[in-house]
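So the structure is just underneath, and the comments pick up after that.
The values are calculated or read from the model by the stated rules, or taken from the named source; none is laboratory data. Since we're looking at a predicted model, the values are computed, not measured. Here the Cβ positions follow ideal geometry from the backbone for every residue, glycine too, while neighbour counts run over all protein chains shown.
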Amino acid sequence: MATATPATVESRRSARERLLDAASELFYDEGIQSVGIDRIIEKARVAKASLYNTFGSKEELVQAYLATRHTVTMERLNLAVEKHTDARDRLLAVFDAQADLAAQPNFRGCAFISASAEAPPGGRVEQAADDYRTEIRTLFTRLAEQAGAPEPGALARQLHLLYDGAGISARMDRDPTAPLGARAAAAALLESALGQPR
């Protein structure tokens, strides 16, 4: 049986997969505005027509990139939560997952914050960022409800602020332990909200 070489494996991947992988790496590492279509096409090793036939425009490719980041991030957070049965531990697991992500050598902060900072208001990028943030807030609200918080929406907003701040601090201060500090603050907020120290 012939062994697959990297070139044959690459050729079996669809143009869409290759374009999305190339765009994801370049957009996340260098920014959406600074990366041109030609660089993505070159990295993906596809014809220019493949990009336009598959995505239609750079904006649609950016939207697909952010949709993929959204899905992957939420899967990571939900997997971390599902490892626990205790309601408090489930909530704090979101920060554990963020700490794991911040410890990655290629961590560049939140893709949605970076993308929205570069995008004009009212477009697809802003909508993708809004959708992502809504799902993060919904996750925190659900976990706060499960933990028995009397005002889960208010607690979720505070936890979301901690989550955002930890991500920015991990990137800007180059401090992968920032989410652990946010986790400690989240534990204190949760204890205060529930009034039941443990």
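Quick notes
- The lone exception for S116 - which of (1) over 18 Å from I136 (Cα atoms); (2) surrounded by 14 or more Cβ atoms within 10 Å (Cβ to Cβ); (3) of a type in the set (S, T, Y) it fails: (1)
- Any hit, the stretch 66-73, residues being among the polar types (S, T, N, Q) and touching a Ser or Thr at 6+ places or on another chain (Cβ under 8 Å): yes
- Matching residues in the stretch 96-108 - criterion: being more than 13 Å from the chain's Cα centre (by Cα) and outside any loop (DSSP other than H, G, I, E, B): D96
- All positions within the stretch 65-84 that are in contact with a helix residue (DSSP H, G or I) (Cβ under 7 Å, 6 or more places away or on another chain) and either buried (at least 18 other Cβ atoms within 10 Å of the Cβ) or aromatic (F, W, Y) (or both): Y65, L66, R69, H70, L77, A80, V81
- Among the residues of the stretch 57-85, those identified as closer than 12 Å to L20 by Cβ and in contact with a Leu (Cβ under 9 Å, 6 or more places away or on another chain) are L61, A64, Y65, T68.
- Here H84 clears all of (1) at pLDDT 95 or above; (2) assigned to a helix (DSSP H, G or I); (3) more than 16 Å from S114 (Cβ to Cβ) except the condition numbered (2).
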